[in-house]
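What follows is a short report on a single structure.
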Amino acid sequence: AQERVFNFAAGPAILPESVLLRAQSELYVWPGSGMSVMEMSHRGKEFKSIIEKAESDLRTLLQIPPEYSVLFLQGGATSQFAALPLNLCAAATDPVDYVVTGSWSDKAFKEAQKFCKPNVVWSGKAEKYTKIPPFGELKQNPDAKYLHICANETIHGVEFKNYPTPKNPNGVLVADMSSNFCSKPVDVSKFGVIYAGAQKNVGPSGVTIVIIRNDLIGHAQGLTPVMFDYKIHAENNSLYNTPPCYGIYMCGLVFEDLLEQGGLVEVEKKNQKKAEILYNAIDGSNGFYKSPVEKSVRSLMNVPFTLEKSELEGEFIKEAAKEKMVQLKGHRSVGGMRASIYNAMPLAGVQKLVAFMKDFQARHA
Ligand code: PMP
């Protein structure tokens, strides 16, 4: 067998070994169909059973209330940055609110500027995106159609541990959960829309999942392209056009695996344990390693850290790769290191990283 590495990439990212092996065993012939999932008609009964099971398992995992639709779309979370204002604002003059806690919420805000009147209710930029604001500090517009947050900033490693309420009683909370989707239980009923690219926690790139309250569907601005109109996709059960069939199948296998692990309560416990040993290693290093993020909002998924002797960073990354721990380089915009420890990263991977960090420190302190 070919040896695998511990892949700490931010996305596309590590997938569960059991899921990859199952996909391998079903690659040539999906049981009973005589063909691969990649060759199937998206309108056939076999693929229908695959997408319906994926949706129903996701509904079980997140306990999605019946008044919400689940859409399997394409175009990445980036397309949702435009789809949200196009669907939730009646006109380009509608006000909406954005909490800017890092690069991703900033990108979402900037895209919205083309389609509505977004307002930044708080920005962490001056503090290098190391904080989540106390919700009382949000300067919300009482007329905002929605309040947008990025639940977990993949680059900066800050994560909302609870959620703000929109000031407008008719407004809704919208969350980009790309990098912490299905990493812990979430009360879906607090949100109007949750969206996520699949390629961090639940599958390959190419699938974007949108969970949306049904009353928010059907109000898209007239110029909205069909591919961005939630109503089109909801009415057609995500089969208006050819969906990313194989990616949806892979997400389905991941959802099954998460349910077999005992669901998101169990998954969260594992994620807390992994994050705890990594942050403890950083905090217990006498400043050799440093986490820039305020303790109470540190992400369980993406752990950025720096070396006090920053000139050693290249060496750290090179030596780690030699020991089969890869993709530890921080995002080009922030530098340093970043260990992404999504659901599929085994505890053994984090333990190995921590042991390496201690050894590296002993040799270079
Ligand atoms: N939001 C977040 C939080 C992300 O991490 C990413 C991807 N890294 C995106 C949005 C953009 O996603 P995509 O590349 O799927 O468009």
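Condition check ((1) more than 26 Å from Glu159 (Cα to Cα); (2) of a type outside the set (S, T, N, Q); (3) touching an Asp or Glu at 6+ places or on another chain (Cβ under 9 Å); (4) not assigned by TED's automatic domain parsing to the domain that holds Gln199) across all residues:
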| site | (1), (2), (3), (4) |
| --- | --- |
| Lys318 | yes, yes, no, yes |
| Lys324 | yes, yes, yes, yes |
| Gln327 | no, no, no, yes |
| Gly336 | no, yes, yes, yes |
| Met345 | no, yes, no, yes |
| Lys352 | no, yes, yes, yes |
| Phe360 | yes, yes, yes, yes |
Subset of segment 131-156, residues away from the ligand (no atom under 16 Å from the Cβ) and surrounded by fewer than 24 Cβ atoms within 10 Å (Cβ to Cβ), comes to Lys131, Pro133, Pro134, Phe135, Gly136, Glu137, Leu138, Lys139, Gln140, Asn141, Pro142, Asp143
Kindly establish whether Ser69 is in a helix (DSSP H, G or I), surrounded by fewer than 24 Cβ atoms within 10 Å (Cβ to Cβ) and either modelled with pLDDT under 95 or away from the ligand (no atom under 13 Å from the Cβ) (or both).
-> no
Within the group Glu256, Glu294, Glu260, Glu276, which residue is surrounded by fewer than 16 Cβ atoms within 10 Å (Cβ to Cβ) and either touching a residue at least 40 places away in the same chain (Cβ under 8 Å) or under 16 Å from the mean Cα position of the chain (by Cα) (or both)?
-> Glu294
For residues in segment 29-66 being assigned to a helix (DSSP H, G or I) and more than 26 Å from the chain's Cα centre (by Cα), which is nearest to Gln261 (Cα to Cα)?
-> Glu46
Among (1) in contact (Cβ under 8 Å) with a residue 24 or more places away in the chain; (2) under 20 Å from Gly349 (Cβ atoms); (3) within 27 Å of the chain's Cα centre (by Cα), where does Lys329 come up short?
-> (1)
Mind listing whichever residues of segment 76-99 are within 16 Å of the ligand (Cβ to nearest atom), in contact with a strand residue (DSSP E or B) (Cβ under 9 Å, 6 or more places away or on another chain) and among the aliphatic types (A, V, I, L, M)?
-> Ala77, Ala83, Leu84, Val99
The lone exception for Trp122 - which of (1) crowded, with 24+ Cβ neighbours inside 10 Å; (2) more than 30 Å from Lys53 (Cβ to Cβ); (3) among the aromatic types (Phe, Trp, Tyr) it fails | (1)
Among the residues listed as Ala91, Ala82, Ala108, Ala151, the single one being farther than 29 Å from Asp57 by Cα and small (Gly, Ala, Ser) = Ala91
Just checking, which of Ala9, Ala13 is out of contact with any Cys (no Cβ under 6 Å at 6 or more places or on another chain), crowded, with 19+ Cβ neighbours inside 10 Å and at pLDDT 95 or above?
-> Ala13
Report those strands (runs of 3 or more DSSP E) wholly inside segment 158-238 carrying at least 2 residues which are buried (at least 22 other Cβ atoms within 10 Å of the Cβ), of a type outside the set (Asp, Glu) and within 12 Å of the ligand (Cβ to nearest atom).
-> 193-197, 208-213
Would segment 241-261 turn up any residue that is over 30 Å from Leu84 (Cβ atoms) and either in the same structural domain as Glu67 (by TED's automatic domain parsing) or at pLDDT 95 or above (or both)?
-> yes
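The values are calculated or read from the model by the stated rules, or taken from the named source; none is laboratory data. Since we're looking at a predicted model, the values are computed, not measured. Cβ: placed from backbone, ideal geometry, glycine included. Neighbour counts: every protein chain shown.
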